[in-house]
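The values are calculated or read from the model by the stated rules, or taken from the named source; none is laboratory data. The structure presented is a predicted model; accordingly, all values stated were derived computationally and were not measured. Cβ sites come from the backbone with ideal geometry, for glycine too, and all protein chains shown count toward neighbours. Accessible surface is based on the protein model in full, side chains and every heavy atom, while ligands, DNA and RNA are left aside. Shrake-Rupley method; radii C 1.70, N 1.55, O 1.52, S 1.80 Å.
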Amino acid sequence: MLFVIAGLGLFLAYLFFCLRILLEYQRGVIFTLGKFSGIRQAGLRFVFVPFQQMVRVDLRMRVLDVPTQDVISRDNVSVHVNAVVYYRVVDPERAIIHVENFVVATSQLAQTTLRSVLGQHELDEMLAERDKLNKDIREILDVQTDQWGIKVANVELKHVDLEETMIRAIAKQAEAERMRRAKIIDADGEAQAAQKFLEAGEKLSARPEAMQLRYLTTLTEIAGEKSSTIVFPVPIKFGEVLKGLLRDDGHASGGQTGGLKPPAEEEEDNNPFGPG
C-alpha cells in the first residue's frame, strides 16, 4: 500500500512538472525526440518531459537599436549613422528552426544593410530624403528576414553625424547659397525698377511741362528735409558741353577759335572814353 501511495505521488509530481503555461503573446515550438512536432498556443499546455521539449517564442514587437556605423557616402563623405529597427516574429517555426538566434541575425543584417544602402547615396540625400532611405532599408530587411519568419515593420534613421570640418563646409555652402539668392533678388529688383524708370521717362518726355513739374516736386521734397544744399537738375545738351570745352581749349592755346587780342585793342577796350 505504501508503494502505491508513493507511486501515485510521483506520478502526480511528474504531471505537475510537465505542465507549461504560455502567455497570450507567446507560442511554444514543440520538439518530440528532437523532431519538430507542432506549435502550442497560449494557455495551459502539457509537455512530456524528457521526450518532448518546448521553446518559447515571443510574438510582441521588438525594438532593435542598430549601433553607430561608419559610412562612406557616394560623394566620399565620412558620416556616422545609427538607426532603430522595429520587427516581430510571425512564424515561430522558421524563427527557431531556420536560424540559430534570430535576434543576433537580424541585428547583424540590419547593420550590413544600413552601410550598404547609405553608401549608394550622397550626403545631401541622407540629410534631405530620410523617408525614402528608411523605406529602402525596410524593404531589403523584410525580404531577407522573411525566410526566418521575421516581419520588419519599420526602420528609422536616428542620427547622421558629420565631422567638424564637414559641418563648417556645409555652413559655408549654405551661406554662399543665401548670398546667391539675395543677389538674384536684388538684380530682379533693379531690372524691374529700370523698366519702371523707362516707362516713366517715356511718359515724361512726351510733355515738357510734366518734366518741369517733376523738377518742382523734387525741390519741394528736398526743401522739406531741412537741408542747406539745394541741387537744381538742369538738362544740358552734349553739343553745348562740347562747344564749351573747345572754346576753353582755344583760349588756353591762344589761337584757332578765339585767340588773344593784341595789346592795342585791349587798351582800346579798356578805355572808358572810347578810341582817341
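If Gln120 meets every condition in (1) open to solvent by less than 80 Å² (accessible area, probe 1.4 Å); (2) in the same structural domain as Val79 (by the TED database) apart from one, which number is that one? All conditions are met except number (1). Residue selection: Val63 fails the criterion of being modelled with pLDDT of 90 or more, of a type in the set (A, V, I, L, M, F, W, C) and surrounded by 11 or more Cβ atoms within 10 Å (Cβ to Cβ). Mind listing whichever residues of region 62-87 are charged (D, E, K, R) and either outside any strand (DSSP E or B) or touching a Gly at 6+ places or on another chain (Cβ under 8 Å) (or both)? Arg74, Asp75, listed by residue number. Give the residue that is nearest to Arg62 (Cα to Cα), with candidates limited to residues of region 1-38 that are at pLDDT 85 or above and assigned to a loop (DSSP other than H, G, I, E, B). Step by step, filter region 1-38, then rank; the result is Tyr25. Pairing each residue of region 1-28 that is in contact (Cβ under 8 Å) with a residue 24 or more places away in the chain with any residue that is open to solvent by 80 Å² or more (accessible area, probe 1.4 Å) and aromatic (Phe, Trp, Tyr), provided the two are 6+ apart or on different chains, yields C-beta distances under 8 Å for Cys18/Phe48.
Is it the case that Glu209 is among the charged types (D, E, K, R), exposed (fewer than 10 other Cβ atoms within 10 Å of the Cβ) and either outside any helix (DSSP H, G or I) or in contact (Cβ under 8 Å) with a residue 40 or more places away in the chain (or both)? Here the answer is no, as Glu209 does not meet what is asked.
Just checking, does region 132-139 include any residue being in a helix (DSSP H, G or I), open to solvent by 40 Å² or more (accessible area, probe 1.4 Å) and of a type in the set (A, V, I, L, M)? Within region 132-139, not a single residue is in a helix (DSSP H, G or I), open to solvent by 40 Å² or more (accessible area, probe 1.4 Å) and of a type in the set (A, V, I, L, M). A single member of Gln52, Gln41 is outside the structural domain of Leu141 (by the TED database), in contact with a Phe, Trp or Tyr (Cβ under 9 Å, 6 or more places away or on another chain) and of a type in the set (S, T, N, Q), and it is Gln52.
Residues being acidic (Asp, Glu) and open to solvent by 80 Å² or more (accessible area, probe 1.4 Å) are entirely absent from region 45-60. Looking at region 39-50, is at least one residue part of a strand (DSSP E or B) and in contact with a Lys or Arg (Cβ under 6 Å, 6 or more places away or on another chain)? Yes. Exactly one residue out of Val103, Val99 is closer than 18 Å to Ala153 by Cα and not in a strand (DSSP E or B): that is Val103. Taken as a whole, the condition of being at pLDDT below 90, assigned to a helix (DSSP H, G or I) and out of contact with any Phe, Trp or Tyr (no Cβ under 9 Å at 6 or more places or on another chain) applies to Ile170.
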